[in-house]
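Here's the structure, in structure tokens; my notes come after.
The values are calculated or read from the model by the stated rules, or taken from the named source; none is laboratory data. The structure presented is a predicted model; accordingly, all values stated were derived computationally and were not measured. Here the Cβ positions follow ideal geometry from the backbone for every residue, glycine too, while neighbour counts run over all protein chains shown. Only protein heavy atoms, including side chains, enter the accessible area calculation; ligands, DNA and RNA are left aside. Shrake-Rupley method; radii C 1.70, N 1.55, O 1.52, S 1.80 Å.
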Amino acid sequence: MEIENNNATPSLSGESTPNLLQGIGVSPGIVIGRVVVIKRHTCRAGRYHLPPDHIQKEVARFHQAVTRAEDELVRLRENFADDLADALSIIDSHILMLKDRMIYDQTIRFIKSKNVNAEWALAQSLNHIKNRFDKIADPYIKERYADIKHVADRVFSILFGHKPYQLVQENEPVIVVANDFSPEDTMQLHTENILGFLSEKGGVTSHTAIVARSLNIPAVIGLTHITGSIATGDTIILDGGLGQVIIKPDSEQVQVYRRKALQSEVIADELAPYVHLSSETFDGYSVRLSANIEMIEELQTVHRYGCKGIGLFRSEFDFFHQQPQPDENALLATYRQLLDSMSPHPVTVRTLDVGGDKFLDHLPDHSSQLDPERNPALGLRSIRFSLHEIKLFTMQLRALLKASAYGRLRILFPLVSSLPELHQAKAILRKVSSDLDKEGVVYGSDIELGVMVEVPSAVILADVFSKEVDFLAIGTNDLIQYSLAIDRSNQHVAHMYDPFHPAVLRMIKQTIDAGHAQGISVSVCGEMAGDVICAVVLLGLGIDELSMRPAVIPHIKRLLRHFHYEQLQQLGEDVLRCVDGQQTKNFIKAYLAQHYPYQCNNY
Ligand code: PEP
Ligand code: MG
């Protein structure tokens, strides 16, 4: 996954980083180095008809290829110590898979019954298996197809007569980049001169990710098109903890990350205890610290960092990554797993936030009829898109309501800008509920409803919205860009994107006060929430919940636990008196330098 709209993610200091790509961090560690992009052989299996007296020979050839693949795996396994139990058990499972009846027996059956060559027969067996896996909704089980494919690829490569694959033979340490790595490739990386790796494919629960973690190889995966975006020889920074990659960093970025790399081990040890502590101020004032995630695969990370709830599930990513598009049952399976895994903590699922810069063309069934927009940021995006594509919106709401029986669901509508828009969305939700009632479907009775405050009109109407919903979630990424009229991906104005702009901070305060006046909670789920210098102000302004990338939570928890609530409130009041963004930032930095003994660079 490459979050293209995050190309200019605001950093800790509020400055943008245009050469930053966001992927999925599967194995922590910061490394800086030269890249080697690996392009692999693609094996295309042609179909050859064999005379009957060749069939036994062909079966024997296939059998030999499987035996050789087995030998390779056994040899690879011998290079590793027994304490790498996770990695070794994955190789063992691959050895067993080679002789699995769906691959081995089926391929031999195809060779014999169709009088065909082994390559084609194996390709057919693999196709059959893939068709079966495509029908499985559970993403964890689906991911297991990748293992079968890796095993089959090894046999293909032997059948095609390719030399045993040497990933890289480098004299200096490098970061390798490829479309995909098998778990065995990853183990091989460990024995070579490798700093870390990036790949286009894979998920957090993939075996490749598990092996990378157990061998401590920093890795970021799910970076679509990365092999086309960087070339061998380019220098990059890889942050496996945050899933970030900085392409061709400047010398200042290299310095910053070298320092971070040095500090990160110490910090990891220092922060570990915070994972299990409650999120409250020194004097016991609770603030919920929850997680922003895009994919179900991230749940493992969510639990690892002790997150007590999902503050933002960006549901659109499910649609971008699945072909064909998920149907109601597939969505239900995802949402159910999400709610089940987090229960009894709340899970906030934001309804589709497509449009704008979020790949409208990934939804071909629904959006191909729409003309390209001249000004997509002000166009048919987010809730407007859902209200235009009511069938799709209804399907998502049905899946959500059905899943609500398994946990604590909060539904969040993105980019709401007027009351009629909210009324329309609520009316569709009511219709979905009454349809489910008629169908006798049981769903949660305590579902909460929220709107995202991401445009100035929503801030001004926050008091009105607060009477209509159960919570407000401030999306500062969009609120900053819409209120300051700054396109973060435009290099000429990106530097003006300023979370400390007094107008932004006052709007946040106005929203919090409006929500509290109606007795509802207010969260921030934009990047500001996970940035120490911004978070300390948000806490001071009275925010009830901060939602951020899971890995950042221990940093923010340490910040929260360090202060008395009154101290934070005083800081909030002082900051609101500042009338200039730079002055505000300097003021907060000076305050933290004086009162907070820990580093403020959490990413
Ligand atoms: C935001 O705008 O702050 C937000 C959380 O939404 P997204 O970044 O997904 O647009
Ligand atoms: Mg947004």
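Is there a residue being open to solvent by 10 Å² or more (accessible area, probe 1.4 Å) and of a type in the set (D, E, K, R) anywhere in segment 521-536?
Yes, segment 521-536 contains at least one residue that is open to solvent by 10 Å² or more (accessible area, probe 1.4 Å) and of a type in the set (D, E, K, R).
Restricting to segment 464-482, name every residue that is within 15 Å of ligand 2 (Cβ to nearest atom) and in contact with a strand residue (DSSP E or B) (Cβ under 7 Å, 6 or more places away or on another chain).
Across segment 464-482, the qualifying residues are L472, A473, I474, G475, T476, L479.
How many residues are within 15 Å of ligand 1 (Cβ to nearest atom), of a type in the set (A, V, I, L, M, F, W, C) and open to solvent by less than 10 Å² (accessible area, probe 1.4 Å) if we restrict to segment 287-322?
Counting residues in segment 287-322 that are within 15 Å of ligand 1 (Cβ to nearest atom), of a type in the set (A, V, I, L, M, F, W, C) and open to solvent by less than 10 Å² (accessible area, probe 1.4 Å) gives 7.
Provide a single number: the residues in segment 460-489 that are aliphatic (A, V, I, L, M) and within 28 Å of the chain's Cα centre (by Cα).
Number satisfying all stated conditions: 9.
Please work out which one of (1) under 18 Å from E527 (Cβ atoms); (2) within 16 Å of ligand 2 (Cβ to nearest atom); (3) touching a residue at least 24 places away in the same chain (Cβ under 8 Å) is the condition A494 fails and give its number.
Of the numbered conditions (1) under 18 Å from E527 (Cβ atoms); (2) within 16 Å of ligand 2 (Cβ to nearest atom); (3) touching a residue at least 24 places away in the same chain (Cβ under 8 Å), the odd one out for A494 is (2).
Would you confirm whether any residue within segment 452-463 is away from ligand 2 (no atom under 14 Å from the Cβ) and small (G, A, S)?
yes
Tell me, which helices (runs of 4 or more DSSP H) lie completely within segment 249-352 with 2 or more residues that are at pLDDT below 90?
251-271, 299-304, 316-321
Looking at this structure, is A485 free of Cβ contacts under 8 Å to residues at least 40 places away in the same chain and within 16 Å of ligand 2 (Cβ to nearest atom)?
Spelling it out, A485 is indeed free of Cβ contacts under 8 Å to residues at least 40 places away in the same chain and within 16 Å of ligand 2 (Cβ to nearest atom).
Residue check, L378 against (1) surrounded by 15 or more Cβ atoms within 10 Å (Cβ to Cβ); (2) within 16 Å of ligand 1 (Cβ to nearest atom), all met but one. Which one?
(1)
Quick check on segment 23-71: of everything there that is among the hydroxyl-bearing types (S, T, Y) and open to solvent by 70 Å² or more (accessible area, probe 1.4 Å), which residue is modelled with the lowest pLDDT?
Among residues in segment 23-71 that are among the hydroxyl-bearing types (S, T, Y) and open to solvent by 70 Å² or more (accessible area, probe 1.4 Å), the one modelled with the lowest pLDDT is T42.
Which is open to solvent by less than 30 Å² (accessible area, probe 1.4 Å), at pLDDT 95 or above and away from ligand 1 (no atom under 16 Å from the Cβ), of I447, I460, I428, I508?
The conditions single out I428.
Considering only residues that are open to solvent by less than 40 Å² (accessible area, probe 1.4 Å) and free of Cβ contacts under 8 Å to residues at least 60 places away in the same chain, which ones fall in segment 200-246?
Listed by number, the list holds a single entry, E200.
What residue, of G515, G475, is in contact (Cβ under 8 Å) with a residue 40 or more places away in the chain and within 16 Å of ligand 1 (Cβ to nearest atom)?
Step by step, each of G515, G475 is checked, and only G475 is in contact (Cβ under 8 Å) with a residue 40 or more places away in the chain and within 16 Å of ligand 1 (Cβ to nearest atom).
A quick yes/no check of all residues on (1) open to solvent by 40 Å² or more (accessible area, probe 1.4 Å); (2) within 16 Å of ligand 1 (Cβ to nearest atom); (3) under 18 Å from E316 (Cβ atoms):
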position: S404; (1), (2), (3): no, no, no
position: P414; (1), (2), (3): no, yes, yes
position: S417; (1), (2), (3): no, yes, no
position: P420; (1), (2), (3): yes, no, no
position: Q424; (1), (2), (3): yes, no, no
position: S434; (1), (2), (3): yes, no, no
position: D437; (1), (2), (3): yes, no, no
position: G440; (1), (2), (3): yes, no, no
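Grab the helices (runs of 4 or more DSSP H) fully contained in segment 74-156, keeping just those with 3 or more residues being assigned by TED's automatic domain parsing to the domain that holds V211 and at pLDDT 85 or above.
It comes to none.
Evaluate segment 368-386: report whether one residue or more is basic (K, R), at pLDDT below 85 and in a loop (DSSP other than H, G, I, E, B).
yes
Please go through (1) within 15 Å of ligand 1 (Cβ to nearest atom); (2) farther than 21 Å from V432 by Cβ; (3) of a type outside the set (D, E) for M452 and return the number of the only condition it doesn't satisfy.
M452 satisfies all of (1) within 15 Å of ligand 1 (Cβ to nearest atom); (2) farther than 21 Å from V432 by Cβ; (3) of a type outside the set (D, E) except (2).
Provide a single number: the residues in segment 101-111 that are buried (at least 16 other Cβ atoms within 10 Å of the Cβ) and over 15 Å from D153 (Cα atoms).
Total satisfying the criteria: 4.
Test A529 against the criterion of being under 21 Å from the mean Cα position of the chain (by Cα) and within 30 Å of S417 (Cα to Cα), and give yes or no.
Against the criterion (under 21 Å from the mean Cα position of the chain (by Cα) and within 30 Å of S417 (Cα to Cα)), A529 qualifies.
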